[in-house]
Amino acid sequence: MSGLAYFPGCSLKDDAKRYEDAALFVMERLGAPLEELPKWTCCGTVYSLADDDLMHHVASVRNLVRTQETGADELVTLCAMCFNTLSRVAERVGADEEERTKINAFMDREPDYEGGIRVRHLLQVLRDTVGWESLSAATVRPLDGVNVAAYYGCTLVRPKEIGIDDSERPIVMADVVEAVGATPVAFPFEAECCGTYQIVDEPHLALEQSSRILRSALRAGADVVATACPLCQHNLERAAETLGADAEGIHVVYFTELLAAALGADEARLTPVVRALVAQAATAEGGA
Amino acid sequence: MARAKAVSREGLRQRVEELSGESVFACYQCGMCSAGCPYAEEMDRLPSQVIRDLQLDDPTLLDSNAMWVCASCLACEVRCPKGVDLAKLMEALRQIHLRATLDRVSLDRLSKDEIRELPQIALVASLRKKTG
Amino acid sequence: MADEKLTRIYIMGKAYDVPVGVTIMDAMEYAGYRFIRGAGCRSGFCGACGTVYRKAGEYRLEFVLACQEMVEEGMHLTQLPFTPAPRADYALDDLDPSENVLLQHYPEIARCVSCNTCTKACPQEIEVMDYVQAALRGDVARVAELSFDCIACGLCAMRCPADIKHYHVAQMARRLHSVAGSPTPEHLGARMNELDAGAFDDELDGLASMTLDELKAKYAQRVIEKAQEPATEEVAT
């Protein structure tokens, strides 16, 4: 495998296709293309917290075996939930030989998982492999004057064992958008839960939480909330709809969409929201 | 709806400790978990009360809604000064119900419109946490 | 009567000595069982005769079609003549192929834990888990492609811990794909028009009015397409 082994996850192929499209463009531009893992299967989100539950780790281990087969020692994901699930399983079965052996024995039609695959989120790759300088150097449409509230949610930063940054005050996504010229806006709800899967059967729980997050971002002066997870994106968009006029002036986009715009993606491929932000940046640049 | 078997109320604390791998007596009731839980308002028992009820081996805890309102956000886990993973305790309480073939989310009641709107991960995660 | 080689098998727990070299279905009939369910084409196509067996001394269950699999010494078997997995209600023309209609009609697909039990249960060697995963992703074409050999025997659905109805999902995908995804078979349309226009009516009427002897004679005299003469090679001068 020449590029970085990339795990899409079920939602990235239809519901969150624009998250993926933007990321693929960005990484191509940065000279670190993402190469989709062959024969991947659902990671089995969310990580099962029961001590005896090996069955619910099988899905993730299968993908780690797939990664192993490509010769890569690392797997990159876009979806924060996939990141959390895959990295927690990788850590657990990597450390526990007995469990690893059991799972390998169960998956008798697969090669054994040897351990040692590292799972990273794209944000970590941008920070630790690509670097801010390279990101800035590749920026052709700096997002000047665009106030971005970087929203992490839970699965990127908790638990601490796999978190990509500080669990209470992460900064990595803020740094990413700053590197392409935007103004990161800190807000206290940046790592609060969006409501996640509660949107399915107790939607009011998710919508209330997501509304709080949006209001907090608005109060902090954000033009846009950047997300790194299809479910956070979904819940925040739905909250914006419920809030209606109260959410006027704030948009929710995937962080890769902002990067794609900044790195020169064809405007026709950008969503209307992102195009408007690009226009806003152009005005800011040309202004005083 | 799958036929749920009766959920035994015997030895709740022990079963929860086995399923979670956590010791409930490590908790000294500081309340950090309740303070940080985004969903505490919706629960009929606060997270710190849930663990207190486990310490007291109160079987009525199984009727609480707390474990279903919990969204596994891990704010509690990350802040507990004694390192108690309350999220695992909540998972254990859910599993005790779910392993008796109780489905908390009914697939029949999900409309096609609802499914159309949701990203797959919402369904996958919801069914994983709330069906057995 | 010639000495028949016999072998010991167990049908639903009861021991029988049946001839070597016959299928499970033949062996069951030899043993006196009369099929009124769980038998159909007897050619490996209809999926009615799903059978589960275990060899003595082994712990694994195996999954086969009774009409295709030969008996073996020490086989302990039973049949699953019916899988109670009702199909979702839908009208193909009302479905929007750009949406994930598979997930909408079969939301339990989201419960798949990638355990691969379905693949192991398939007598047709289909990669069942892979097509369920493709269904979760909304990749209808891939589901249709991978599930082509499915005969809806139901063994996968019986074994699935998530209670997914794999073969119903696959059938929906194949139907959707043929309507929305795959190219229209122009030649089929043309032939249908010919039929509607009565182009073959005379020929069919002629056949229908023949006696059995006339039909036999006509069949015996049928022209089998000649193999093409090899093209004469042009010799360079």
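The values are calculated or read from the model by the stated rules, or taken from the named source; none is laboratory data. Because the structure is a prediction, the values reported are computed rather than measured. Every residue, glycine as well, gets a Cβ built from its backbone with ideal geometry; the counts of neighbours run over all protein chains shown.
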| query | Taking only pairs six or more apart or across chains, which ones have beta-carbon atoms under 8 Å, a first residue in the stretch A:196-214 that is within 16 Å of A:GLY244 (Cβ to Cβ), and a second residue that is of a type in the set (Val, Ile, Thr) and modelled with pLDDT under 95? | reply | A:LEU207/A:THR242; A:SER211/A:THR242; A:LEU214/A:ILE250
| Only one residue in A:THR183, A:THR256, A:THR242 is of a type in the set (Ser, Thr, Tyr), closer than 22 Å to A:VAL26 by Cβ and surrounded by fewer than 24 Cβ atoms within 10 Å (Cβ to Cβ). Which one? | A:THR183
| What tally of residues in the stretch C:131-158 results from selecting those that are among the polar types (S, T, N, Q), outside any loop (DSSP other than H, G, I, E, B) and within 18 Å of the chain's Cα centre (by Cα)? | 0
| task | From A:ALA245, A:ALA260, A:ALA206, grab the single residue that is farther than 20 Å from B:ARG128 by Cα and in contact with a Lys or Arg (Cβ under 8 Å, 6 or more places away or on another chain). | result | A:ALA260
| request: Tally the residues that are of a type outside the set (Lys, Arg), within 14 Å of another protein chain (Cβ to nearest Cβ) and surrounded by fewer than 21 Cβ atoms within 10 Å (Cβ to Cβ), restricting the search to the stretch A:208-231. | output: 3
| at pLDDT 95 or above, buried (at least 17 other Cβ atoms within 10 Å of the Cβ) and either more than 17 Å from A:CYS193 (Cα to Cα) or more than 8 Å from chain A (Cβ to nearest Cβ) (or both): does that describe B:LEU46? | yes
| task | Please work out which residue is surrounded by the most Cβ atoms within 10 Å (Cβ to Cβ), limiting yourself to the stretch A:167-177 and to residues that are out of contact with any Phe, Trp or Tyr (no Cβ under 9 Å at 6 or more places or on another chain) and at pLDDT 95 or above. | result | A:ALA174
| task | Give the residue, chosen from A:ASP52, A:ASP128, A:ASP108, A:ASP112, that is within 30 Å of B:LYS130 (Cβ to Cβ) and either over 26 Å from the mean Cα position of the chain (by Cα) or more than 14 Å from chain B (Cβ to nearest Cβ) (or both). | result | A:ASP52
| field | Residue that is surrounded by the fewest Cβ atoms within 10 Å (Cβ to Cβ) [pool: residues in the stretch C:16-34 that are assigned to a helix (DSSP H, G or I) and of a type in the set (A, V, I, L, M, F, W, C)] | value | C:MET25
| field | Every residue from the stretch A:50-77 that is aliphatic (A, V, I, L, M) and out of contact with any Pro (no Cβ under 7 Å at 6 or more places or on another chain) | value | A:ALA50, A:LEU54, A:MET55, A:VAL58, A:ALA59, A:VAL61, A:LEU64, A:ALA72, A:LEU75, A:VAL76
| task | All but one of (1) under 20 Å from the mean Cα position of the chain (by Cα); (2) within 11 Å of chain B (Cβ to nearest Cβ) hold for A:LEU64, so report the exception by its number. | result | (2)
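Conditions tested, residue by residue: (1) at pLDDT below 95; (2) within 29 Å of C:GLY50 (Cβ to Cβ); (3) touching a helix residue (DSSP H, G or I) at 6+ places or on another chain (Cβ under 8 Å); (4) not in a loop (DSSP other than H, G, I, E, B).
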residue: C:MET129; (1), (2), (3), (4): no, yes, yes, yes
residue: C:PRO161; (1), (2), (3), (4): yes, yes, yes, no
residue: C:HIS177; (1), (2), (3), (4): yes, yes, yes, yes
residue: C:TYR219; (1), (2), (3), (4): yes, no, no, yes
residue: C:GLU225; (1), (2), (3), (4): yes, no, no, no
| query | Do the conditions hold for A:GLU168, that is, is it within 12 Å of chain B (Cβ to nearest Cβ), closer than 28 Å to B:ARG104 by Cβ and not in a strand (DSSP E or B)? | reply | no
| field | helices (runs of 4 or more DSSP H) enclosed by the stretch B:1-117 - at least 1 residues per element that are over 19 Å from A:ASP53 (Cα atoms) and in contact (Cβ under 8 Å) with a residue 24 or more places away in the chain | value | B:32-36, B:47-55, B:66-69, B:75-79
| field | Evaluation of C:VAL169 against (1) exposed (fewer than 11 other Cβ atoms within 10 Å of the Cβ); (2) among the β-branched types (Val, Ile, Thr); (3) at pLDDT 95 or above (one fails), failing number | value | (1)
| task | Can you give me the number of residues within the stretch A:123-142 that are touching a helix residue (DSSP H, G or I) at 6+ places or on another chain (Cβ under 6 Å), hydroxyl-bearing (Ser, Thr, Tyr) and in a helix (DSSP H, G or I)? | result | 1
| task | Give just the number: which of (1) in contact (Cβ under 8 Å) with a residue 24 or more places away in the chain; (2) within 14 Å of chain B (Cβ to nearest Cβ) does A:GLU241 not satisfy? | result | (1)
